[in-house]
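Where a number appears in this text, it was derived from the coordinates with a stated rule and is not lab data. Only a predicted model underlies this, so the values are computations on that prediction, with no experimental measurement involved. Cβ coordinates were reconstructed from backbone atoms using ideal geometry, including for glycine residues, and neighbour counts include every protein chain displayed.
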Amino acid sequence: MSLKPLTDVERTRAREKATAARAVRADIKARLKTGKLSVADVIENSGGEDAVGRLRVLDLLKALPGVGDVRAAAIMAEVGIAATRRVRGLGIHQRTALVSYLEHHHSGSASK
């Protein structure tokens with residue numbers, strides 16, 4: 001299946017949309033890092049914002065203070081979330097399990 005070629009205007013619009021989405025995700029990760037936002041907040045409010053829904057759960061966890069690649073992967077394995085899962089792809093049980101896990105194991109990061 002080949003995609004139809006984009007016009008210059010369509011390409012520019014797509015580039016602007018992608019840049020805006022990356023900025024939204026970067027802002028969320030920065031606010032998680034500083035503690036101004038919790039994982040629970042991000043998960044609960046991901047329905048309306050497409051850019052948030054496309055954020056990988058692994059990247060969301062790695063934005064938390066003290067969580068790197070290994071710890072994020074361990075958290076996802078413990079909760080039962082695939083490494084490639086995005087926020088919008090989390091089921092209700094996965095959302096609940098992740099927030100609960102973070103509340104009990106990662107001081108203050110899941111809910112404020």
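What's the FRET efficiency of A77 with A23 using the Cβ-Cβ distance as r and R₀ = 25 Å, to the nearest 0.05?
In this case the efficiency is close to 0.25.
What length, rounded to one decimal in nm, is gained on full extension from A30 through to D69, with 0.36 nm per residue of separation minus their alpha-carbon distance?
So the extension gain works out to 12.4 nm.
Using only alpha carbons, build the gyration tensor for the range 1-92 and give me the equivalent ellipsoid semi-axes, biggest first, whole Å.
Value: 28, 16, 12 Å, ordered largest first.
What are the ³J(HN,Hα) values, in whole Hz, obtained from phi via the Karplus relation 6.51 cos²θ - 1.76 cosθ + 1.60 with θ = phi - 60°, for each residue of the range 9-14 in sequence order, with x given for Gly and Pro?
For the range 9-14, the Karplus curve yields 5, 5, 5, 5, 4, 5 Hz.
Note down the net charge around A26, summing +1 for each Lys or Arg and -1 for each Asp or Glu among other residues with Cβ under 12 Å from its Cβ.
Its environment carries a net charge of +3.
Taking amide hydrogens as modeled 1.01 Å from N in the peptide plane, which residues meet the under 5 Å criterion relative to R86, leaving out close sequence neighbours?
HN-HN under 5 Å from R86: V57.
What ranking of S38, S100 emerges when the number of other C-beta atoms within 10 Å of each C-beta is taken as an exposure proxy, fewest first?
With the fewest neighbours first, S38, S100 line up as S100, S38.
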